[in-house]
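One structure is given below, encoded as C-alpha cells.
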Amino acid sequence: MQLCFDFDKVLIEPVVLPTTTFCDPGAACRSRGQMAYQSGRLAELVVADRYLAAGYDVVAQRWRGKAGEIDMILRKGDLFVFVEVKSSRDFAQAAERISRRQMDRICMAACEFCGSLPTGQSTEMRMDAALVDRFGRVEIIEAAFGGN
C-alpha cells in the first residue's frame, strides 16, 4: 500500500498535548488503548498483504487457544507459518518487544493449533516475526524463533 499526500492542500492545526504523564482511568486510557489496537490491526493488515503477495494463504488472524494468541497463521502448501507482528518506531525496537516468554507462549499455541490438524505435531511449521516501523515498512524474519 502506498499513500500519497498533497501537502499544499493539508491544513495543519496546532495540537495541545496534555501535561500529565499518568493515565487517568477515564477516556484518555481508553483512547490510547484504542489507538494501540488500531495501530496493531493496521500493522497486521500490511503484513498479511506481504504474505499474500508471496503466495501464502491466511488461515487465521488473532487465533486464540489455551496457550495464548497468535497474531497470524498462514499456509503455503504443507507449511504452516505462525507470525508474531510487532510495530514500533524502528525495526530494532519492534524486535526487542518480542520477549523469550512470548516466544515460548507462541510456540505452545502453535503446537496446540497443529494438534487439531490431521497431521498433528508432525505438521511442518515455522515461526516468523514480522516487524513494522513507523513508516509502515515491513521486515519479515523467517524462522525467527522456535527452532526448526
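Here are a few things to note about the model shown:
- Based on the reciprocal of the average 1/r between different C-alpha atoms, the Kirkwood radius for the stretch 27-145 equals 14.7 Å.
- Taking the DSSP beta bridges with both ends in the stretch 27-145, the antiparallel portion is around 65 percent.
- Between Ser31 and Met103, the distance separating the two model label sites (each 7 Å from Cα on the Cα→Cβ line) works out to 3.8 nm.
- Taking other Cβ atoms within 10 Å as a rough exposure proxy, Asp57, Asp71, Asp133 sort from fewest to most as Asp57, Asp133, Asp71.
- Based on C-alpha pairs under 8 angstrom that are at least 6 apart in sequence, the stretch 27-145 has a relative contact order of 24 percent.
- Of the peptides 103-110, 59-66, the order by per-residue mean of other Cβ atoms within 10 Å, starting with the highest, comes out as 103-110, 59-66.
- Spin-label model distance (nm) - Leu45 vs Glu69, 7 Å beyond Cα toward Cβ: 1.7
Throughout, read-outs are computed from the coordinates displayed, never taken from laboratory work. Small disclaimer: the values here were computed from a predicted structure and weren't measured. Quick reminder, even Gly has a Cβ in these numbers, built from the backbone with ideal geometry, and neighbours come from all protein chains shown.
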